[in-house]
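S.K.: Take this structure, written in C-alpha cells, and hold onto it; I'll ask about it next.
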C-alpha cells in the first residue's frame, strides 16, 4: 500500500506532456548549425531563428558547430536533452550524404532525430576564377581534359564535393579536391586563385560573382534557375546532371510530441511570411515547406537519392 501511495504522489507531482507544452518555451532555445558563420545554412538559420523568436516569445540563439561535414554538430544535437531547447537546422550533408561518405558515423540520421519541418531547397552554381580561359561548362571540361591534373576545386560541403566529383566522372576529368572547413574560406581562396573551380552555393558565391571576382558557368539544377535565368544548367553539357540541396529543422529524438507540434506549427507559419520568403530568396533559397510527416518521408527518400549520386560519382567512403 505504501508503494502505491508513493507512486500516486509522484504521478501527481510530475507535469503531464500537455501541461509541459503549455509552458514551453520558458527559456532561450539553441539552434545548432553544422556550418560556419557566413555559410548559406548559417545565414538561413539566422533568418529562421529571428522569425521563431518573434513567434515563440523567446530568444532563439544560433550555435555554429562546424567540422567533419556536419558530424560534430549532428552528434551534439543528437546527444542533447530532448526537451525542445536544442534544435538542429541542417542539410542533406548530415542526413543524406554522410551515411554514404563515411563507413561509420557518431549519430544515426533517422533514429536520433525528430523531423519538425522542411525549410526549403538550395541550388548550387559552377564557378571559376576569372583568369581561367573558359566561359561555360563545356569549355571547362575541355580545358580540364587538356590540362589533366592541373586544376583544383574547393569543397566545404558534401554537395560541393559530390557536384565536383560528378563532373570529374561524367566529364572524364581529374580535377583535384581541396577540403575547407567553411565555404566562405573556400570562396576566398577561389577568388585568390589558390583553387580554380568550385561548385558553390548561391549565398556565398553570388556576392563575388556580382563583384566580378568569380565567373559563373552553370547551375546544378536540371533546369535553369529563376535566380540566374541566363545561366545554363550543367545538364546541357553533362546529360542527367541534377543536384539540389535541401534544408530542414530537427529536434533530438524523444522530444515530447506536444513540443514538436508547437515547433512545427510556428516554423510553418514563419515560412509563410512574405518578408521571411524574401530574405530566404536573397540567399538563393527557395522556401519549400513540408510538415513533419511529409518531411520524415522526404528525409528517407533523400538518403537513397544521395546514395545513388555518390555511387555514380565513384566516391569511396572514408
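The values are calculated or read from the model by the stated rules, or taken from the named source; none is laboratory data. Since this is a predicted model, take the numbers as computed values, not measurements. Note: ideal-geometry Cβ built from the backbone for every residue, glycine included; neighbour counts use all protein chains shown.
S.K.: Taking the condition crowded, with 19+ Cβ neighbours inside 10 Å and either at pLDDT below 95 or closer than 28 Å to residue 30 by Cα (or both), does residue 122 pass?
M.R.: Criteria met by residue 122.
S.K.: List the strands (runs of 3 or more DSSP E) that sit entirely inside segment 77-171 and contain at least 3 residues that are more than 30 Å from residue 273 (Cα to Cα).
M.R.: It comes to 113-128, 152-155.
S.K.: Would you call residue 50 at pLDDT 95 or above, under 22 Å from residue 117 (Cα atoms) and out of contact with any helix residue (DSSP H, G or I) (no Cβ under 9 Å at 6 or more places or on another chain)?
M.R.: For residue 50, the condition - at pLDDT 95 or above, under 22 Å from residue 117 (Cα atoms) and out of contact with any helix residue (DSSP H, G or I) (no Cβ under 9 Å at 6 or more places or on another chain) - is not met.
S.K.: Please verify whether segment 182-200 includes one or more residues that are at positive phi, in contact (Cβ under 8 Å) with a residue 24 or more places away in the chain and part of a loop (DSSP other than H, G, I, E, B).
M.R.: Within segment 182-200, one or more residues are at positive phi, in contact (Cβ under 8 Å) with a residue 24 or more places away in the chain and part of a loop (DSSP other than H, G, I, E, B).
S.K.: Within segment 201-236, take every residue that is modelled with pLDDT under 95 and in a strand (DSSP E or B) and give me the one that is farthest from residue 188 (Cα to Cα).
M.R.: Result: 225.
S.K.: Please work out if residue 264 is exposed (fewer than 14 other Cβ atoms within 10 Å of the Cβ) and either in contact with a helix residue (DSSP H, G or I) (Cβ under 6 Å, 6 or more places away or on another chain) or not assigned by TED's automatic domain parsing to the domain that holds residue 141 (or both).
M.R.: For residue 264, the condition - exposed (fewer than 14 other Cβ atoms within 10 Å of the Cβ) and either in contact with a helix residue (DSSP H, G or I) (Cβ under 6 Å, 6 or more places away or on another chain) or not assigned by TED's automatic domain parsing to the domain that holds residue 141 (or both) - is not met.
S.K.: Could you grab me the full set of residues in segment 55-76 that are assigned to a helix (DSSP H, G or I) and touching a helix residue (DSSP H, G or I) at 6+ places or on another chain (Cβ under 8 Å)?
M.R.: Selection gives 55, 56, 69, 70, 71, 73, 74.
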